[in-house]
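The values are calculated or read from the model by the stated rules, or taken from the named source; none is laboratory data. These figures come from a predicted structure and were not determined experimentally. Glycine gets a Cβ as well: all are built from the backbone with ideal geometry, and neighbour counts include every protein chain shown. What goes into the accessible areas is simple: the full protein's heavy atoms, side chains included, and nothing from ligands, DNA or RNA. Shrake-Rupley method; radii C 1.70, N 1.55, O 1.52, S 1.80 Å.
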Amino acid sequence: MAGIQVKNLVKYYGKFKALDNISFEVEQGEILGLLGPNGAGKTTTMRILTTFLPPSDGTAIIDGFDITEKPSQVRKIIGYMPENPPLYNDMKVCKFLKFVAKLKNVSSKKIAEKLEYVENVCKLEDVWNNYIMHISKGYRQRVGFASAIIADPAVLIFDEPTIGLDPKQIKYTREIIKNLGGDHTVILSTHILPEAEMTCDRVAIINRGKILAIGSPTELAQKIRKVDAVRVEMTGPSNEVKNTLLELDGVIHIIPQERHSVFLVEFEPKWKTREQITKAALEHNWSILELTPVEASLEDVFLEIVSTQEKSL
Ligand SMILES: Nc1ncnc2c1ncn2[C@@H]1O[C@H](COP(=O)(O)OP(=O)(O)OP(=O)(O)O)[C@@H](O)[C@H]1O
Ligand SMILES: [Mg+2]
């Protein structure tokens, strides 16, 4: 089982506590996002999991191997793309990746196939025979990504995998990562909310070295939701519609939208407001043109959770 169990990780840099008792699990084949602002502890967590940095306390088990007891076993099953991938400037892209493949014990029979695979998947054709010192930042990032996946490790750890890429490449990289899930256990870090939402099965929100919440993007949104909302459009005169909506039980706010006949209705979750809206429309003989639930976005959740922690400090 290539799952990951992180148990009570603590990391001090001198007297500064960068990780404060972090625990979480990643199931085999799952993509977990570490989402947090700058300085939250994402890179520190990843460097500990990849055995580049020893924890001050606690440990993690990766595919059954304890990172503090069996670091060399752990390294064999992990592909890691750090924040700034270390590359050899005076090597050509193809030579460098061949070197990485050998270093990671890809059998000589398979090397050509693996090189072709990463050349295609990471779209490296244009720079394949160029010296690394001459390729652009985004391409360096792609070469770093290629070195992480070339030996097809069971566990992949990507530190801000899309930083510095152009929009087309960002979209493409997110798709690659999504496709790697299922067959691979993936942890990625990001401070970009839509990225976490689009790419990850579950998200752990981290700030100041603590995990503040963990769950699927939808679960997280539900956890903190104090109000529900629906978008409503009905055929009645908009003033009358608005007044009727205002009179319903549990309604907190009516917010006019882009067209004067469309309203956002915010209400307390315990009231069956959508049923009431349907009933009111029937009573007035209006047709409902739209009645769509509006989910709290991960962005709302993130800001809410982080600001609650800041307030309590
Ligand atoms: N080698 C180090 N020595 C001292 N402090 C460090 C060291 N590395 C990280 N820190 C501190 O630990 C905290 C967590 O840093 P970390 O790099 O893990 O954050 P991060 O979540 O990856 O942030 P970012 O989004 O900016 O990459 C920060 O306050 C940082 O300044
Ligand atoms: Mg970082």
Handout entry: Residues (farther than 23 Å from Asp152 by Cα and open to solvent by less than 90 Å² (accessible area, probe 1.4 Å)) located in region 118-138
Key = Asn130, Ile135, Ser136
Practice task
Could you grab the pairs with beta carbons closer than 6 Å, sequence gap of 6+ or different chains, first residue in region 81-108 and in contact (Cβ under 8 Å) with a residue 40 or more places away in the chain, second one among the hydroxyl-bearing types (Ser, Thr, Tyr) and in a loop (DSSP other than H, G, I, E, B)?
Solution key: Phe96/Tyr88
Practice task
Hey, could you check region 1-48 for residues that are small (Gly, Ala, Ser) and within 8 Å of ligand 1 (Cβ to nearest atom) and say which is nearest to Val301 (Cα to Cα)?
Solution key: Gly36
Practice task
Among the residues of region 49-75, write down those that are surrounded by fewer than 20 Cβ atoms within 10 Å (Cβ to Cβ), within 15 Å of ligand 1 (Cβ to nearest atom) and either in contact (Cβ under 8 Å) with a residue 60 or more places away in the chain or farther than 19 Å from Leu188 by Cα (or both).
Solution key: Pro54, Ser56
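Counting residues that are open to solvent by 60 Å² or more (accessible area, probe 1.4 Å) and closer than 28 Å to Lys42 by Cβ, which helices (runs of 4 or more DSSP H) fully inside region 191-285 reach at least 2? Please lay out each step first, then the result.
Numbers: elements: 193-199, 217-224, 238-246, 273-284.
So the answer is 193-199, 217-224.
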Exercise for the section: Please state which of the following conditions Gly164 fails to meet, knowing it meets all the rest: (1) within 16 Å of ligand 2 (Cβ to nearest atom); (2) under 19 Å from Leu49 (Cβ atoms). Expected result: (2)
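Any idea which of Leu97, Leu103, Leu156 is open to solvent by less than 30 Å² (accessible area, probe 1.4 Å), more than 16 Å from ligand 1 (Cβ to nearest atom) and over 22 Å from Ile192 (Cβ atoms)? Before the answer, list the steps.
Values: Leu103 fails: open to solvent by less than 30 Å² (accessible area, probe 1.4 Å); Leu156 fails: over 22 Å from Ile192 (Cβ atoms).
Exactly one of Leu97, Leu103, Leu156 is open to solvent by less than 30 Å² (accessible area, probe 1.4 Å), more than 16 Å from ligand 1 (Cβ to nearest atom) and over 22 Å from Ile192 (Cβ atoms), namely Leu97.
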Practice task
For residues that are touching a helix residue (DSSP H, G or I) at 6+ places or on another chain (Cβ under 6 Å) and not in a helix (DSSP H, G or I), tally how many sit in region 286-313.
Solution key: 3
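Going by the structure shown, is Pro82 within 16 Å of ligand 1 (Cβ to nearest atom), open to solvent by 20 Å² or more (accessible area, probe 1.4 Å), within 21 Å of the chain's Cα centre (by Cα) and within 24 Å of Leu180 (Cα to Cα)?
On the way: within 16 Å of ligand 1 (Cβ to nearest atom): yes; open to solvent by 20 Å² or more (accessible area, probe 1.4 Å): yes; within 21 Å of the chain's Cα centre (by Cα): yes; within 24 Å of Leu180 (Cα to Cα): yes.
For Pro82, the condition - within 16 Å of ligand 1 (Cβ to nearest atom), open to solvent by 20 Å² or more (accessible area, probe 1.4 Å), within 21 Å of the chain's Cα centre (by Cα) and within 24 Å of Leu180 (Cα to Cα) - is met.
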Problem - Failed condition for Gln169, given (1) more than 16 Å from the chain's Cα centre (by Cα); (2) part of a helix (DSSP H, G or I); (3) under 20 Å from Pro86 (Cβ atoms) - result: (3)
Problem - Among (1) under 21 Å from Trp128 (Cα atoms); (2) of a type outside the set (A, V, I, L, M); (3) within 17 Å of the chain's Cα centre (by Cα), the one test that Cys94 misses - result: (3)
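Taking region 4-28, which residues are in a loop (DSSP other than H, G, I, E, B) and either within 16 Å of Tyr80 (Cα to Cα) or aromatic (Phe, Trp, Tyr) (or both)? Spell out how you get there, then give the answer.
So in region 4-28, the residues in a loop (DSSP other than H, G, I, E, B) come out as 14-15, 27-28.
Listed by number, the list is empty, since nothing qualifies.
Is one or more of the residues making up region 167-185 within 16 Å of ligand 2 (Cβ to nearest atom) and under 25 Å from Gly39 (Cα atoms)?
Let us first name the residues in region 167-185 that are within 16 Å of ligand 2 (Cβ to nearest atom), namely none.
No.
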Handout entry: Checking Ile111 against (1) of a type in the set (Val, Ile, Thr); (2) over 24 Å from the mean Cα position of the chain (by Cα); (3) within 13 Å of ligand 1 (Cβ to nearest atom), the condition it does not meet
Key = (3)
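Within region 13-48, take every residue that is among the hydroxyl-bearing types (Ser, Thr, Tyr) and within 10 Å of ligand 2 (Cβ to nearest atom) and give me the one that is surrounded by the most Cβ atoms within 10 Å (Cβ to Cβ).
In the first step, residues of region 13-48 are kept if they are among the hydroxyl-bearing types (Ser, Thr, Tyr); the result is 13, 23, 43-45.
Checking the rest, the ones that are also within 10 Å of ligand 2 (Cβ to nearest atom) come to 43-45.
Details: Thr43: 17, Thr44: 20, Thr45: 30.
Looking at residues that are among the hydroxyl-bearing types (Ser, Thr, Tyr) and within 10 Å of ligand 2 (Cβ to nearest atom), I get Thr45.
Could you identify the single residue in Lys98, Lys114, Lys123 that is in a loop (DSSP other than H, G, I, E, B) and charged (D, E, K, R)?
Details: Lys98 fails: in a loop (DSSP other than H, G, I, E, B); Lys114 fails: in a loop (DSSP other than H, G, I, E, B).
Among Lys98, Lys114, Lys123, only Lys123 is in a loop (DSSP other than H, G, I, E, B) and charged (D, E, K, R).
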